[in-house]
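Computed from the coordinates by the stated procedures, all read-outs in this text should not be read as laboratory data. Treat the numbers as computed from the prediction; the structure is a model and nothing was measured. As a convention, Cβ positions derive from the backbone with ideal geometry for all residues, glycine included, and neighbour counts pool all protein chains shown.
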Amino acid sequence: MTADSPMTVREIVANGAGATVMPCFLASGDPRFELLEPMPARFKSDLWLLTHANLRDSARIAAFMQHVSECVRAERSRFVAPEGEAS
C-alpha cells in the first residue's frame, strides 16, 4: 500500500493496517501507536531552520527563528524517538 501524505499513512496505520516508520511527533500522545523498535540510524537526520540570505539580519526573522528553536528544544521528546525503549 502507498500513500502520498504522512497524515494518510498515520491514519491507515492507526486503523490497524500494519506498521510504518514515521516522525515521532505524528504518534506522540496518541494511544493508538506504540514504538516497536528504536529508529534505524539510516532514518535519523538533523533538523534545519533556514532563511533567505537577504532576511538573515531582519530582527523579526531572528526573533521567529529563536522562538522556533526554543519550542523545538522544549518539545524535543516529540521529535526524537527514545533509544532502546521499544516494546
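Side notes on the structure shown:
- A Gaussian network model of the chain, with springs between Cα atoms under 10 Å, assigns the largest mean-square fluctuation among 65, 39, 22 to 65.
- Loop-located GluC sites (Glu not before Pro) in segment 1-86, at most 10 other Cβ atoms within 10 Å (DSSP): 34, 83, 85
- Each residue of segment 13-21 was assigned a 3J(HN,Hα) from its phi angle through the Karplus curve 6.51 cos²θ - 1.76 cosθ + 1.60 (θ = phi - 60°); the sequence is 5, 4, 8, x, 8, x, 10, 8, 9 Hz, with glycine and proline shown as x.
- Net charge dipole, the chain: roughly 240 debye, given to the nearest 20, about the Cα centre with Cβ charges of +1 for Lys and Arg and -1 for Asp and Glu.
- Ranked 73, 78, criterion: other C-beta atoms within 10 Å, fewest first: 73, 78
- Using θ = phi - 60° and Karplus 6.51 cos²θ - 1.76 cosθ + 1.60, couplings along segment 75-80 (whole Hz; Gly, Pro as x): 10, 3, 5, 7, 9, 10
- Candidates 48, 22, 8 compared by Cα position along the dipole of segment 1-65: farthest toward the positive end lies 48, with charges placed on Cβ.
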